[in-house]
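Below is one structure, written out as structure tokens; the observations come after it.
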Amino acid sequence: MEQLNIIPVLLGADLNCYNVARAFHEEYRVKSYAFGRYAIGASNYSRIVKFTIVEKLDDPEVMVSTLLDFADKHSDAKLIAFGCTDDYASMLIHYGDRLRPKYIVPYIGPELFERLAYKASFYADCDKHGIPYPKTKIITPDTKLDSILDESQLGFPYPIIIKPSASAVYWRYPFDGMKKVYTAASPGEAEIVIRRIFASGYPEKIILQDMIPGDDSHMRVLTAYSDRNGKVRMMCLGHVLLEEHTPKGLGNHCAIITEQNLPLMERFKDYLESVGYVGYSNFDIKYDERDGSWRAFEINLRLGRSNNYVTSAGCNVAKYVVDDYIKNVKYDGTYFCDREIFWHSVPKGVIYKYCRNADEVAHAKSLARAGKAHPSLWYRPDLFLNPRRLFYLVMHGRNHYGKFKKYYGKE
């Protein structure tokens, strides 16, 4: 195993943070340092993540000074910064130039961020590049709702999906009953949701969208790494079996089987290279059985929280950055991952019970019997003689049975 003097510096403490730290530890046996406003169970009691609370880390000046102070104390190491939430990734994108003298910051610049971070502008980009997405109507705080919510004006039937165009902005305006995504069965329900969101102070656009039929197993997640010259070096496609269904976690992947679909992957590769993308990107895509199309929901300008599915399939997410920025490995074409594994972040029993696709459940069980199941948090080097971590994981697994019983099918 190669030994390099590198330190991953992570902003956040969630599953995304732990998965990135695990990738660095698996490949280089290094500990990651993480900063966040509060501790989260996914990285608690971990030997591979040293977490520090910084109460005002969401203030860009605090974030920059925190990272520069850390760099001054570790000037002998190569430092790599990762943002593990939309907010933190956004700050690294906008303030990365102040950090780059001392950090590797593998992200796009602010100009491309403005074009891609908002769903409304991303869909406009999809129009230019021939990427299908669900039928969509975009509204602003000034939009008059009297007639626009009729099906004749929307151009698609109820029930519909309602979601903020700017997710990172949306979460800054909390309110009772807040969800990641909403479903409305009628114009009246839609109006109530829209007015509630705008009443919170949320200033950006809202997306009204055709509901693509099909359960969680119709979803795909595509992760790509684009090097500093904008060339896509790796793409890994996951077939989602199950997503979380809590109000704030709705849509988070918790069970994935990797697969290869070259026409789909190549379409998004061409898109990323045409816009000059740099760093990790993550697409949520759904199969529309009505016309056989693949429809993009959004692009995340960072690694997704389920990124351990990529590492588990043999595409270690730490290695691509290190090869690109530290070892200066030359681009040698795109690797379209073809290794099949079953990744999960909740107990297999939850997946087998709540995944509605019987064929994929049988597929997952077959992969598990073959030793190709990869639980995200159950990392042996972090559990050996670590009873507090082990106890947390046992309780974490048990809690998911309760969460799915309470929320599944009640969105």
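The values are calculated or read from the model by the stated rules, or taken from the named source; none is laboratory data. Nothing here was measured: the structure is a model prediction, and the numbers come from that model. Every residue, glycine among them, receives a Cβ derived from its backbone with ideal geometry; neighbour counts consider all protein chains shown. We work out accessible area using only protein heavy atoms, side chains counted, and drop any ligands, DNA or RNA first. Shrake-Rupley method; radii C 1.70, N 1.55, O 1.52, S 1.80 Å.
Would you point out which residue out of K405, K365 is basic (K, R), closer than 25 Å to V310 by Cβ and open to solvent by 30 Å² or more (accessible area, probe 1.4 Å)?
Values: K405 fails: closer than 25 Å to V310 by Cβ.
Going through K405, K365 in turn, just one is basic (K, R), closer than 25 Å to V310 by Cβ and open to solvent by 30 Å² or more (accessible area, probe 1.4 Å): K365.
So which residues in segment 72-87 are part of a loop (DSSP other than H, G, I, E, B) and open to solvent by 10 Å² or more (accessible area, probe 1.4 Å)? So that I can check it myself, show each step before the final result.
Just the residues of segment 72-87 that are part of a loop (DSSP other than H, G, I, E, B), to begin with: 74-77, 84-85.
If the condition is that a residue be part of a loop (DSSP other than H, G, I, E, B) and open to solvent by 10 Å² or more (accessible area, probe 1.4 Å), then H74, S75, D76, A77, T85 are the ones that fit.
Each row is one residue, and each column tells you yes or no for (1) within 30 Å of T334 (Cβ to Cβ); (2) at pLDDT 95 or above.
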{"site": "P159", "(1), (2)": "no, yes"}
{"site": "R172", "(1), (2)": "no, no"}
{"site": "I192", "(1), (2)": "no, yes"}
{"site": "L241", "(1), (2)": "yes, yes"}
- Item | Qualifying positions in segment 281-323 - open to solvent by less than 40 Å² (accessible area, probe 1.4 Å), in contact with a Lys or Arg (Cβ under 6 Å, 6 or more places away or on another chain) and not basic (K, R) | I285, D288, E298, A313
- Take the residues of segment 42-70 that are free of Cβ contacts under 8 Å to residues at least 40 places away in the same chain and among the hydrophobic types (A, V, I, L, M, F, W, C): which is most open to solvent (accessible area, probe 1.4 Å)? I53
- Hey, any hits in segment 138-157 for a residue that's touching a Gly at 6+ places or on another chain (Cβ under 7 Å) and either surrounded by 13 or more Cβ atoms within 10 Å (Cβ to Cβ) or hydrophobic (A, V, I, L, M, F, W, C) (or both)? no
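Test of understanding: among E266, E191, E244, E259, which residue is touching a Cys at 6+ places or on another chain (Cβ under 6 Å) and not β-branched (V, I, T)? Don't jump to the end; show me each part of the working.
Values: E266 fails: touching a Cys at 6+ places or on another chain (Cβ under 6 Å); E191 fails: touching a Cys at 6+ places or on another chain (Cβ under 6 Å); E259 fails: touching a Cys at 6+ places or on another chain (Cβ under 6 Å).
Every option except E244 fails the conditions.
Kindly establish whether E61 is under 30 Å from G314 (Cβ atoms) and assigned to a helix (DSSP H, G or I).
On the way: under 30 Å from G314 (Cβ atoms): no; assigned to a helix (DSSP H, G or I): yes.
No: the conditions fail for E61.
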- Of the residues N5, N16, which single one is closer than 18 Å to S306 by Cα and out of contact with any helix residue (DSSP H, G or I) (no Cβ under 8 Å at 6 or more places or on another chain)? N16
- Has segment 124-137 got at least one residue that is over 23 Å from the mean Cα position of the chain (by Cα), open to solvent by less than 30 Å² (accessible area, probe 1.4 Å) and in contact (Cβ under 8 Å) with a residue 60 or more places away in the chain? no
- With respect to the numbered conditions (1) buried (at least 17 other Cβ atoms within 10 Å of the Cβ); (2) within 21 Å of the chain's Cα centre (by Cα), which one is the sole condition not fulfilled by A39? (1)
- Query: Taking segment 88-107 only, how many residues are within 19 Å of the chain's Cα centre (by Cα), open to solvent by less than 10 Å² (accessible area, probe 1.4 Å) and hydrophobic (A, V, I, L, M, F, W, C)?
  - Reply: 4
- Qualifying helices (runs of 4 or more DSSP H) (wholly inside segment 231-342; at least 1 residues being among the acidic types (D, E)): 262-275, 317-325
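Would it be correct to say that F24 is open to solvent by 10 Å² or more (accessible area, probe 1.4 Å) and either at pLDDT 95 or above or in a helix (DSSP H, G or I) (or both)?
Details: open to solvent by 10 Å² or more (accessible area, probe 1.4 Å): no; either at pLDDT 95 or above or in a helix (DSSP H, G or I) (or both): yes.
Here the answer is no, as F24 does not meet what is asked.
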- Among the helices (runs of 4 or more DSSP H) contained in segment 97-214, which hold 1 or more residues that are touching an Asp or Glu at 6+ places or on another chain (Cβ under 7 Å) and of a type in the set (F, W, Y)? 119-129
- Query: Quick check: anything in segment 63-74 in contact with a Phe, Trp or Tyr (Cβ under 6 Å, 6 or more places away or on another chain) and within 20 Å of Y225 (Cα to Cα)?
  - Reply: no
- Message: Out of the residues in segment 348-360 meeting the condition of being open to solvent by 30 Å² or more (accessible area, probe 1.4 Å) and outside any helix (DSSP H, G or I), tell me which one is farthest from L262 (Cα to Cα).
- Response: R356
- Task: Determine which member of the set V9, V54, V30 is closer than 19 Å to D97 by Cα and of a type in the set (V, I, T).
- Result: V9
- Any idea which of (1) open to solvent by less than 30 Å² (accessible area, probe 1.4 Å); (2) more than 14 Å from Y202 (Cβ to Cβ) is the one S165 doesn't satisfy? (2)
- Which of the residues belonging to segment 168-199 are more than 25 Å from N300 (Cβ to Cβ), among the aliphatic types (A, V, I, L, M) and open to solvent by less than 70 Å² (accessible area, probe 1.4 Å)? A185, A190
- Note on the structure: Note on segment 362-397: residues modelled with pLDDT of 95 or more, part of a helix (DSSP H, G or I) and within 15 Å of I351 (Cβ to Cβ) are A362, H363, A364, K365, S366, L367, A368, R369
- Note on the structure: All conditions in (1) open to solvent by less than 40 Å² (accessible area, probe 1.4 Å); (2) more than 20 Å from A89 (Cβ to Cβ); (3) of a type outside the set (A, V, I, L, M) are true of Y202 except (2)
